[in-house]
Amino acid sequence: MESLLPLIIQLVSGAVGGNIAGSLMKNASLGTVGNSLAGILGGGLGGQLLGMLGIATGAGEMDLAGILGSVASGGVGGGVVMAVIGMIKKAMAK
(Lines give C-alpha, C1' and ligand atoms only; values in the text may rest on other atoms or scores of the structure.)
Protein backbone atom coordinates (compact mmCIF):
# COMPACT_ATOMS: atom_id res chain seq x y z
CA MET A 1 0.00 0.00 0.00
CA GLU A 2 2.88 2.33 0.72
CA SER A 3 4.00 2.35 -2.92
CA LEU A 4 0.50 3.40 -4.04
CA LEU A 5 0.39 6.48 -1.82
CA PRO A 6 2.66 8.66 -4.02
CA LEU A 7 0.56 7.72 -7.07
CA ILE A 8 -2.68 8.57 -5.25
CA ILE A 9 -1.20 11.91 -4.17
CA GLN A 10 -0.14 12.61 -7.78
CA LEU A 11 -3.61 11.78 -9.13
CA VAL A 12 -5.40 13.98 -6.59
CA SER A 13 -2.88 16.79 -7.15
CA GLY A 14 -3.38 16.39 -10.89
CA ALA A 15 -7.13 16.86 -10.51
CA VAL A 16 -6.53 20.00 -8.46
CA GLY A 17 -3.95 21.24 -10.98
CA GLY A 18 -6.33 20.61 -13.86
CA ASN A 19 -9.08 22.60 -12.17
CA ILE A 20 -6.73 25.46 -11.33
CA ALA A 21 -5.53 25.57 -14.94
CA GLY A 22 -9.16 25.49 -16.10
CA SER A 23 -10.06 28.43 -13.88
CA LEU A 24 -7.07 30.41 -15.15
CA MET A 25 -7.76 29.56 -18.81
CA LYS A 26 -11.52 30.01 -18.94
CA ASN A 27 -11.58 29.96 -22.74
CA ALA A 28 -9.93 26.50 -22.79
CA SER A 29 -11.73 25.05 -19.76
CA LEU A 30 -13.32 21.62 -20.14
CA GLY A 31 -15.73 22.10 -17.23
CA THR A 32 -15.14 20.81 -13.73
CA VAL A 33 -15.44 17.12 -14.61
CA GLY A 34 -13.38 17.44 -17.80
CA ASN A 35 -10.70 19.48 -16.05
CA SER A 36 -10.56 16.91 -13.25
CA LEU A 37 -10.30 13.95 -15.61
CA ALA A 38 -7.61 15.61 -17.74
CA GLY A 39 -5.81 16.59 -14.55
CA ILE A 40 -5.93 13.06 -13.15
CA LEU A 41 -4.46 11.74 -16.41
CA GLY A 42 -1.78 14.43 -16.39
CA GLY A 43 -1.01 13.95 -12.72
CA GLY A 44 -0.36 10.26 -13.19
CA LEU A 45 1.63 10.73 -16.38
CA GLY A 46 3.58 13.69 -15.05
CA GLY A 47 4.60 11.92 -11.88
CA GLN A 48 5.66 8.79 -13.74
CA LEU A 49 7.60 10.69 -16.42
CA LEU A 50 9.47 12.81 -13.88
CA GLY A 51 10.25 9.66 -11.92
CA MET A 52 11.70 8.00 -15.03
CA LEU A 53 13.82 11.08 -15.69
CA GLY A 54 15.28 10.74 -12.22
CA ILE A 55 13.65 13.85 -10.83
CA ALA A 56 12.52 13.23 -7.25
CA THR A 57 8.76 12.73 -7.12
CA GLY A 58 8.56 10.94 -3.81
CA ALA A 59 8.20 7.44 -5.27
CA GLY A 60 8.64 5.06 -2.39
CA GLU A 61 9.44 7.77 0.14
CA MET A 62 6.83 9.35 2.35
CA ASP A 63 8.85 12.04 4.05
CA LEU A 64 7.96 15.71 3.58
CA ALA A 65 10.17 16.09 0.50
CA GLY A 66 8.60 13.01 -1.11
CA ILE A 67 5.07 14.23 -0.48
CA LEU A 68 5.87 17.71 -1.82
CA GLY A 69 7.52 16.15 -4.89
CA SER A 70 4.40 14.08 -5.57
CA VAL A 71 2.12 17.09 -5.13
CA ALA A 72 4.25 19.27 -7.40
CA SER A 73 4.68 16.71 -10.17
CA GLY A 74 1.01 15.76 -10.11
CA GLY A 75 -0.24 19.33 -10.04
CA VAL A 76 2.01 20.53 -12.84
CA GLY A 77 1.31 17.46 -14.97
CA GLY A 78 -2.42 17.86 -14.46
CA GLY A 79 -2.36 21.52 -15.37
CA VAL A 80 -0.28 20.94 -18.49
CA VAL A 81 -2.44 18.11 -19.83
CA MET A 82 -5.65 20.05 -19.15
CA ALA A 83 -4.23 23.09 -20.96
CA VAL A 84 -3.14 21.03 -23.97
CA ILE A 85 -6.48 19.23 -24.26
CA GLY A 86 -8.36 22.52 -23.75
CA MET A 87 -6.38 24.24 -26.50
CA ILE A 88 -6.95 21.31 -28.88
CA LYS A 89 -10.69 21.42 -28.11
CA LYS A 90 -10.76 25.17 -28.69
CA ALA A 91 -8.88 24.84 -32.01
CA MET A 92 -11.24 22.09 -33.22
CA ALA A 93 -14.30 24.22 -32.41
CA LYS A 94 -13.25 26.93 -34.88
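The values are calculated or read from the model by the stated rules, or taken from the named source; none is laboratory data. As the structure is a computational prediction, the values presented were derived from the model and not from experiment. So basically every Cβ, Gly included, is an ideal-geometry build from the backbone, and we count neighbours across all protein chains shown.
What pairs come up if the first residue lies in segment 30-47 and is under 15 Å from residue 88 (Cβ atoms), the second is of a type in the set (Lys, Arg) and surrounded by fewer than 19 Cβ atoms within 10 Å (Cβ to Cβ), and their beta carbons are under 8 Å apart, counting only those six or more places apart or on different chains? Close Cβ pairs (under 8 Å, with a partner that is of a type in the set (Lys, Arg) and surrounded by fewer than 19 Cβ atoms within 10 Å (Cβ to Cβ)) amount to 30/89. Exactly one residue out of 54, 47 is in a loop (DSSP other than H, G, I, E, B), out of contact with any Phe, Trp or Tyr (no Cβ under 9 Å at 6 or more places or on another chain) and at pLDDT below 85: that is 54.
When restricted to residues that are outside any helix (DSSP H, G or I), among the hydrophobic types (A, V, I, L, M, F, W, C) and either touching a residue at least 60 places away in the same chain (Cβ under 8 Å) or touching a Ser or Thr at 6+ places or on another chain (Cβ under 9 Å) (or both), segment 1-29 contains 1.
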